Each structure stands twice: as C-alpha cells, then as structure tokens.
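Below is one structure, written out as structure tokens, with a few remarks after it.
The values are calculated or read from the model by the stated rules, or taken from the named source; none is laboratory data. None of the values given here were measured: they were computed from a predicted structure. Note that we place each Cβ from the backbone using ideal geometry, even for glycine, and neighbour counts take in every protein chain shown.
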Amino acid sequence: MPRRSTKTPPPDDFEERILDIDVVDEMQRSYLEYAYSVIYSRALPDARDGLKPVQRRIIYQMNEMGLRPDRGYVKCARVVGEVMGKLHPHGDASIYDALVRMAQGFSMRIPMVDGHGNFGSLGNDDPPAAMRYTESRMAPAAMLMTDSIDEDTVDFAPNYDGQEREPITLPAAFPNLLVNGASGIAVGMATNMAPHNLGEVIAAARHLIRYPNADLDALMRHIPGPDLPTGGRIVGLSGIRDAYETGRGSFKIRSTAVIENVTARRKGIVVTELPFTVGPEKVISKIKDLVGAKKLQGIADVKDLTDRQHGLRLVVEVKNGFNPEAVLEQLYKLTPMEESFGINNVALVDGQPLTLGLKELLEVYVDHRFDVVRRRSEFRRTKRSDRLHLVEGLLVALVDIDEVIRLIRSSENSAQAKERLIEHFSLSETQTQYILDTPLRRLTKFDRLELESERDRLNAEIAELTRILESDAELRKLVSGELADVAKKYATPRRTVLLEAAGTPVAAVPLEVSDDPCRVLLSATGLLARTVTAELPDPGADGKRRKHDVVVSAVPATTRGDVGVVTSAGRLLRVTVIDLPALPDTAAAPNLAGGAAVTEFVSLADDERVLGLSTLDESSPGLALGTEQGVVKRVVPDFPANKDEFEVVSLREGDQVVGAVELRTGEEDLVFITDDAQLLRYPAGQVRPQGRPAGGMAGIKLAEGAKVISFTAVDPAADAVVFTVARSEETLDGAAQAGAKLTPFDQYPRKGRATGGVRCQRFLRGEAGLALAWAGATPARACDASGSPVELPEADPRRDGSGLPLPKPVATVAGPA
C-alpha cells in the first residue's frame, strides 16, 4: 500500500515565486559575508585591547560571573557554557581552546586565566584535559583588562540575538597586543605577533606619551626585541627592526643549551629552553629520525628529564670521541632547536585590518587609553556632580530643618509638600525628592558635619577631574602614571636573550652580558680566555704557583668587542671577545685552566704560531714586529672593520715573525736577541710607523748564520730583566737546554737601529748558542711545555756572564700581564 503524502497543500491563494540569481553573484556575496565574519569576528585581534572576539567575551563574561583572583575556581565547562549561551554564537571547542591558551604560561607572556588542572604542555605534546575536569578563574592581568569597564569607558553593542550587550573593546590597562602577541588565520590575510616584555613595552609607551614625535630608534631603546614566554635566544636582529618599521619581518629563535658532564665519562648537551611553540617531544622525535637515517652522528641517547620542580631539561648525551660543540651546531641546523618566527603585525584599527609597525601599535593603544581615561573621568565627574547636588540640597534643608518639617506636616500630600519645599527653599525636584526620601535619623548634627565634609571632598574631586579633562598635559601625565604603576606591580625580568649573531649579545638588553671592560689573555700553552673584570690580580699574591700561570699576552677589551691575534706568518686575525670563555671571579686571572685553545677561534697553517694579541685600537701607538731575519716594523693601527683577516707585514722568503707587541706609549725600547747571544736595544721612536702592506726596515745587524730568536718591547722606566738559555752542542735544534741566566735590563746600553748590539751571555764548553731568550718587566715567570712552572735562577749582574743549570727545560717566559 503506497504511503500518503504528509505535506500540507498550499492554500488556494498561494502565488509561486521563483527568483533567477546568477550563481557567480551569489557566490561572491556569500563568500564576502563569510570572509567579513572571519576577519572581523573571529581571527584578527583589535589593536586597542589586543584581543580576538572570543577572548574578549571570555574575559568579560568571567568578570560578570565574579570569577576574580580572590574567589574560588569554577569548572571551565561552566564558563564555556555562559560564554556560548550569552555572547559567542559558535561551538564550545573554539571557546575552550581560547580559554586554555589564555591560561598557558608558555603561550602567553602574561596569562589572562588562572587555570587549575591539566591545561596542556609546551608544543601541545600533552593536550589539555576536557573542560569538565579543569577549573579556572580570572588572572590578575585579566582584571587589568576589565578595570573601570562599568564607568562608561568603552562602547557596548548587542550580542548575536540582541538580548545581551557586550563590549566592543576592553579598557586594557596595559598594551596586551604587544605583551602577549597574537596569531590567527583569516580569509586572505593572517596575523602572527610575537610576545614582548611588559616592563619594556610600558616604558616605550610612556616615552611615546612624553615625546609623541619619537622615532623608531628611540622606542627600540626601550623595546630591543620580543621576549618570548619560553625564553631561548633570538639570533639576528635585522628582521626585528624590519618588523618594527614595516610590520613584517622574521628572526630565528635558538634553544638555550649548555654542555655538561652528564655522566662520569660522558659529556652531554642540556637544553633548558626551547623555541616558542616547540615542545621536547618534537625535538626528540626529530633527533631519533635523523640518527636512524644516519644524518646526525655522535649522539648516544636523548632523555627528557622535565619536571615541575626544575622545568624543562632535555639531555642529549654525546658519544666519546665527538666534539659536543660541533654536535650542538648540527642540532641547531637540523632540528627544531632553532626555528624561524615570522612577524606579521595585522590588527583591526577602527574596523579596518592594517599592518602596523611598532610605533603605530603603541600609538593606537595610547590613543585608546587617552579615550578610556577621558571617558572614565567624565563619568566620575558626572557621578560626583550628581551626588554634590543632592548633598547641597540636604545641607540647605538641615539649616532650617524645623521649617522643612513644618512644611511637610502641613501639606495635604507628598506632591504638595514637594511643591512647597521647591518654592520655599529654591530646590530642584531631584534635591526635594531626596530630602523627602531621607529618614529623620539622618538629619542629626553629626550627619550635618559628615555632609559638609563630603561636600568639600566632592568639590575637590570634581576640580581634579575637571583639571584632567581640560588639560591634555594632565591627561597624559595620568595615563603615564597608571602605566608606571602597572609595570611596577606586574613587570617581570626578560626571559629571551637577544643576539646580534650567534654568541653576540645585544647592547639594549639590561638584564644580559653587558659591554663591560675585560681583559683577553693568551697563555703559554695557547689558551685564550677573557676575564670578567678589567682588573688583573697578581697570581703570585698568595705565594702559590699554578698550572698555566704564564700569560704571554694580555690586552684590554670590552665584552662585545674584538681583539686581534698576531701570528708568525705576519697575519692578524680578528677574534670576537664574547666567544671566548670567561674566567670566574674566584679564579686568579692568569690561571687559564678554564680557557679554550686558540685554534678553536682561528685557523692556522701547520708551521704558523700565535705570538701575541692586539686591541685593534686605532688610537694606540700601533704594533711592533720583529722577524727572524732582523727586520723591524711599526704598524700603523689602521685595521679594516669589514675584514676578519689581513697581513700586517710583507715577509721576505724564508722569514717569519718572532715577536709581536702592541706598544702602550710609543716610548718603549725595542729589544732584539739573536741565537748567537747578541742583544740590541734602541727606542721605538727610531722606527717610523708604516702601513700594513710595507715590509719594515732593518732592525738589527746579524752575523753570518745568526737569526733572531726574541723580539720584545720594554718600558725603560720599569724594573726589567733579560733571560737567556743556552743550548747544548749535541742537539743544534735547541731541544736540549744548557745554562740559563737572568740579568738586569739596565746592564745593556742603548744603541742605534740596525747595529750589532752587545753580548748577553758567555757560552761555556758544550754550549753552541741560545735556545731561548726574553726581555721584559719583572717579575719574570717561566713554564715548561705543559704549562707547569719552572723556577728561574738568581739574577746575575754580569751582562755577558755564563748561565746556570735549570731543573727542567723552559718553554716560555713572560712578565706581568
């Protein structure tokens, strides 16, 4: 049996209407409506309060529910239900996702929601629990966003069904958009804004309030770069400046990692901070994939030791025989331990999506605060004026209270009493009604005193509010002061380190390595290090000798500056000071056990040696060089800033530099010592400074077959000595040393440049020349090839006397650094 149709037939007078619509027009109209909805109602934040609509509705509704920081937690499902039912016409998933993000300290620089329960983990490795299990309430920062919202500070609009009203924007007592950043994908556009430090952003906003025409450089002195919730290191600042100037740019975020002894026999890389939005599981998975594909070598194991007490701790164990520093560089290159962040500052301004630079973002926020404070002041002045009007009327009645009572008692009804009071006391209807509604117990003598005090206070407050409204300077001062109070209460130290390049911190960042004076040291065993202060304590002050306690060269520098390394091939190589290991405060400065080999910072040929250091200071008297063939040169201190390597002398074939000293005053004596025991001393002023390409001039006249083995510069006013060591005839290469002699420097007379000098040691039978020589200030210190100290003989006043045996061979001699 066929089913009957249940459709109701159309009425007899029904007229069928069919509209012909072009499908292209309909698609365009529908798509534009969809795009408009996504752009303005979902994906993009407002530049004033930095919130998307769903975030604004969550904060506003939690404030309406009374979920303040001093109240108890409530189920997140309750918050989501209130927001969805009253304000947000979308599903509960989007509302809960936004609420969870606002509670995550690793996503928001200043969280808006105080969450209780599992709200997920970094990188979303551990997703948050369902909203029926988690609880939440407003964080203190959310209270700042809604502060004074009930004082007509912002406009309200109807909700989706017209039954409720919601704020178009929040008052926002701090620049939330810059502090917490934002991300969202709309239709045809997207936004991705980095978080910043609250104290730095407020400092820049206050600077802009005081100097409205401030340029970008002035603002970047307060905001040098983003400050990410997860810390890390930002490498390269050119992209940040581009973003601050144009609204678009990018930078790299690098993990914070240190190399430690993770086991008794193995070193490892300990990661304590990861790039923004990157979780440890993502890093571990990538490392395992690379190791399995044999694209990453040297890794023994990866462990995630993260806990709530110690925070993030990812340990990458390095196999024995591999350089941990090299492995770390590969991790930065191949894994998410280094990620790029693209800034795209798109936000809504007056309903229009715009790409904004740093100054424009601050200007929009500052103008918003001006408007909020102005409207709040007008609201408060109106409230106080209304109250003052009532108080003044009540005081008029109290002056002649008996007449007031008589008029009221003699009236037929309240309307007649009201008219008679208005006529007799010249009161307004509002004042008269307030008097009639006031109970008799409020009309005592004590209440009159209270009313007079309240009147005076209201007059003072109205005058203060009027002064703010009528003076732009006072309004700016008030807004700036309120921002300063917020920064004082809620600002936290910077977490992200800013680096110009890998390993070079930025000058604007107070809380990182500042550009403090220091000293760069080169030890006898080829170690480089920097001190943490400009002072250099005496290593022998405690009467003890230490390993590596012979510093062959030391120059003043600054932490972010450069120094030069001079080699035997006549090259000067630039080294960045910040890359050098820093000696701790507790260590004696010349003890370079914590230094690093110079070959880690510069590349040397097989037969090339490092001789000394240079400050690269163009105001210094320059370098003095002496070669094996007796050539001397003073180099004009003109070092190209755009080169990391250049020659400082043109050497003859077969020649090499044996000594390189940076002159301090230009009044020093230059000292040559040859292997046939000839010492020549003459003032540095006898050598004309030359440019870097020059080959120098004759420094000492050499006997046939002789060569220079030592070249130094000595202050003639200082207490100095000459140390020489003879070599045995059996080994002409100088490996076996014979007698050694220490002689006062003043025993050797000055002579002219390019002369033969005087004898500095008389050879005994079995001695065939000098193996080692040195001239410099006292106290002289010596060490062997391993850096262990060697005691020197007593001073011999005879300049051409013979030497005494040493307890062990000497490799290097040097004076005070």
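Observations on the structure shown:
- Verdict on residue 172 being within 26 Å of the chain's Cα centre (by Cα), more than 26 Å from residue 71 (Cα to Cα) and aliphatic (A, V, I, L, M): no
- In this entry, residue 470 is excluded by the filter for residues that are among the charged types (D, E, K, R) and surrounded by 13 or more Cβ atoms within 10 Å (Cβ to Cβ).
- Qualifying residue in the stretch 657-671 (condition: at pLDDT below 90 and of a type in the set (Ser, Thr, Tyr)): yes
- A single entry from 114, 92 fulfils the requirement of being acidic (Asp, Glu) and modelled with pLDDT of 95 or more: 114.
- Scanning the stretch 421-462 for residues that are in a helix (DSSP H, G or I) and either aliphatic (A, V, I, L, M) or on the phi > 0 side of the Ramachandran plot (or both) yields 421, 422, 435, 436, 440, 449, 451, 458, 460, 462.
- Subset of the stretch 66-94 [under 21 Å from residue 160 (Cβ atoms) and in a loop (DSSP other than H, G, I, E, B)]: 87, 88, 89, 90, 91
- Some residue of the stretch 207-216 being among the small types (Gly, Ala, Ser), surrounded by fewer than 17 Cβ atoms within 10 Å (Cβ to Cβ) and more than 21 Å from residue 494 (Cβ to Cβ): no
- Selected residue (criterion: nearest to residue 688 (Cα to Cα)) from residues of the stretch 738-767 that are assigned to a strand (DSSP E or B) and among the small types (Gly, Ala, Ser): 740
- Scanning the stretch 333-353 for residues that are surrounded by 15 or more Cβ atoms within 10 Å (Cβ to Cβ), touching a residue at least 60 places away in the same chain (Cβ under 8 Å) and over 20 Å from the mean Cα position of the chain (by Cα) yields 336, 344, 345, 346, 347, 348, 349, 353.
- Reported count of residues in the stretch 284-307, each being over 14 Å from residue 327 (Cβ atoms), touching a Leu at 6+ places or on another chain (Cβ under 7 Å) and modelled with pLDDT of 90 or more, is 1.
- Yes/no for residue 236 being on the phi > 0 side of the Ramachandran plot and not β-branched (Val, Ile, Thr): yes
- Residue that is surrounded by the fewest Cβ atoms within 10 Å (Cβ to Cβ) [pool: residues in the stretch 632-659 that are among the basic types (Lys, Arg) and more than 21 Å from residue 601 (Cα to Cα)]: 652
For (1) surrounded by 21 or more Cβ atoms within 10 Å (Cβ to Cβ); (2) modelled with pLDDT of 85 or more; (3) not in a strand (DSSP E or B), each residue gets a yes or a no:
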site	(1), (2), (3)
475	no, yes, yes
512	no, no, yes
521	yes, yes, no
537	no, no, yes
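- Looking across the stretch 448-463 at every residue that is exposed (fewer than 15 other Cβ atoms within 10 Å of the Cβ) and of a type in the set (Asp, Glu), the one that is nearest to residue 206 (Cα to Cα) is identified as 456.
- Filter result for the condition that a residue is under 21 Å from residue 657 (Cβ atoms) and hydrophobic (A, V, I, L, M, F, W, C), over 773, 738, 777: 773
- Test result for residue 251, part of a strand (DSSP E or B) and surrounded by 20 or more Cβ atoms within 10 Å (Cβ to Cβ): yes
- Per-region count, the stretch 639-661, residues without any contact (Cβ under 8 Å) to a residue 60 or more places away in the chain and either more than 23 Å from residue 683 (Cα to Cα) or among the polar types (S, T, N, Q) (or both): 7
Let's see how each residue does on (1) surrounded by fewer than 21 Cβ atoms within 10 Å (Cβ to Cβ); (2) more than 30 Å from residue 478 (Cα to Cα):
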| residue | (1), (2) |
| --- | --- |
| 96 | no, yes |
| 117 | yes, yes |
| 126 | yes, yes |
| 160 | yes, yes |
| 175 | no, no |
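- Only one of the numbered conditions (1) at pLDDT 85 or above; (2) more than 60 Å from the chain's Cα centre (by Cα); (3) not polar (S, T, N, Q) is not met by residue 399, and that is (1).
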